[in-house]
Amino acid sequence: MHCLVIGAGVTGAAAAAALARRGVAVTLVEAEPRAAAGTSATSFAWVNANRKVRPDYHGLNAAGVAAHHELARRHGRAASWFHPAGHLEWAVDAAHREELRARVERLAERGYPARWLTPAEARRREPHLLVPADADVALFPQEAHCDPAALAEALLAEAGSLGARVRFGARVAGLVERPAGAAAVLESGERLDADRVVCCAGNGTGRLLAAIGASVPLVEPARGNAAVGFLAVSAAAAAGVRGVVTTDRVNLRPWPGGRLLVQALDLDSGADPGAEPEASLAAVFEDRLAAVLAGGPVPRIESVRTGRRVLPADGFTVAGPLEDHPSVYVLATHSGVTLAPLLGSLAADELVTGEPAAELAAFRPGRFAAEGPFPPVTAAREPGEQ
């Protein structure tokens, strides 16, 4: 079997590597000149299942966390992209305290590692944080953060070592059905035939599927909606953090070069995918950091970017073959960094064996034909949401 994978973000890279591990002939095409240049490049990249309330979706994401740990174990010291440093969250606002307590209880009931720390314990764990003396503090020790580009590059290197062909700068114009399979037509006019096409094209999914009369509805990124959000990157910080930290007003995590990656979800209502972030936002992020960092000067914010999330219309993962076009397999999801290694593995198993994965039963693309219209997806604005 020959599979054509479209997209070299973390999901496409994971699918290509998983297929190659199973002995499948793989060709991956990517429009950009490098891996993880789209949504993956503007992700907070927090590996978690923390605030996924629906049980099956929580279970999928929890399995995604486990798949990351397993992938890192297999790669050993080479897994430089993966940082299993946990996640610390504290609450001082009354509503946040109530929600955090309920969430920790729910996660514990589901067997998801979560425990309470005293503020003093939290400060020992993260000595450069100003944890309030009266804060409620929770630790989620199995959560992690990763470097998406390094992860995608490692997966593509693995796929290449197993015989996969990876082509950058190859933009797909559309899909074509074949009597026994499918094909992608590149903008250059070249046609690539395959037994199966695995579409991991992120926000370009709709454009590609339209060519064969299919649709997987995604939330179109627009000002202030759930599919857009700011990410700020600091200069090198004298006072850094070990892992992911979320609070009432700011989220932060380490970033390569001793820097910090910073979110403030309440600011995302002003995020506009069609405009550059306002220059004044840098000072707002710096003020938020000043409220939580100790042990050195507050690092200057070097850049603020607007990320575009891949967000299916109902907010949940899409994974599986199109009902009317079974040679085309679609992977489109929010929380793609968390889910990529798992989805790549499950998709590869389904494509090779023909046996459906129980974990994906609720997330098939066919649900959009039977359900809807869908209410707008609620934008992430509260601590722990993504």
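Listed conditions (1) in contact (Cβ under 8 Å) with a residue 40 or more places away in the chain; (2) surrounded by 21 or more Cβ atoms within 10 Å (Cβ to Cβ) are all met by A72, apart from (1).
Return yes or no: is R101 among the basic types (K, R) and under 25 Å from the mean Cα position of the chain (by Cα)?
So R101 fails the test.
Applying the set (1) closer than 13 Å to A144 by Cβ; (2) surrounded by 21 or more Cβ atoms within 10 Å (Cβ to Cβ) to A79 leaves exactly one unmet item: (2).
When H87, H96, H145, H128 are checked against the criterion of being crowded, with 16+ Cβ neighbours inside 10 Å and touching a Ser or Thr at 6+ places or on another chain (Cβ under 8 Å), H87 stands alone in meeting it. Applying the set (1) surrounded by fewer than 17 Cβ atoms within 10 Å (Cβ to Cβ); (2) out of contact with any strand residue (DSSP E or B) (no Cβ under 7 Å at 6 or more places or on another chain) to A14 leaves exactly one unmet item: (1). No other residue among R54, R110, R101 is surrounded by fewer than 16 Cβ atoms within 10 Å (Cβ to Cβ) and in contact with a His (Cβ under 8 Å, 6 or more places away or on another chain) apart from R110. Kindly check whether there is at least one residue in region 246-254 that is more than 30 Å from D136 (Cβ to Cβ) and either of a type outside the set (V, I, T) or at pLDDT 95 or above (or both). No - not one qualifying residue is present in region 246-254. You will find that of V10, V53, the residue that is in contact with a Ser or Thr (Cβ under 9 Å, 6 or more places away or on another chain) and not hydroxyl-bearing (S, T, Y) is V10 and no other.
Among the residues of region 134-166, which ones are aliphatic (A, V, I, L, M), over 30 Å from L100 (Cβ atoms) and touching a residue at least 60 places away in the same chain (Cβ under 8 Å)? Matches in region 134-166: A149, A150, A152, A154, L155, L156, A159, L162, A164, V166. Just so you know, in region 171-201 the residues that are surrounded by 21 or more Cβ atoms within 10 Å (Cβ to Cβ) and β-branched (V, I, T) include one that is farthest from A340 (Cα to Cα), and it is V172.
Can we say L342 is buried (at least 24 other Cβ atoms within 10 Å of the Cβ), touching an Asp or Glu at 6+ places or on another chain (Cβ under 9 Å) and not small (G, A, S)? Considered against the rule, which asks whether it is buried (at least 24 other Cβ atoms within 10 Å of the Cβ), touching an Asp or Glu at 6+ places or on another chain (Cβ under 9 Å) and not small (G, A, S), L342 comes out as yes.
The values are calculated or read from the model by the stated rules, or taken from the named source; none is laboratory data. What you are looking at is a predicted structure, and each value in this text was computed from that prediction instead of being measured. Quick reminder, even Gly has a Cβ in these numbers, built from the backbone with ideal geometry, and neighbours come from all protein chains shown.
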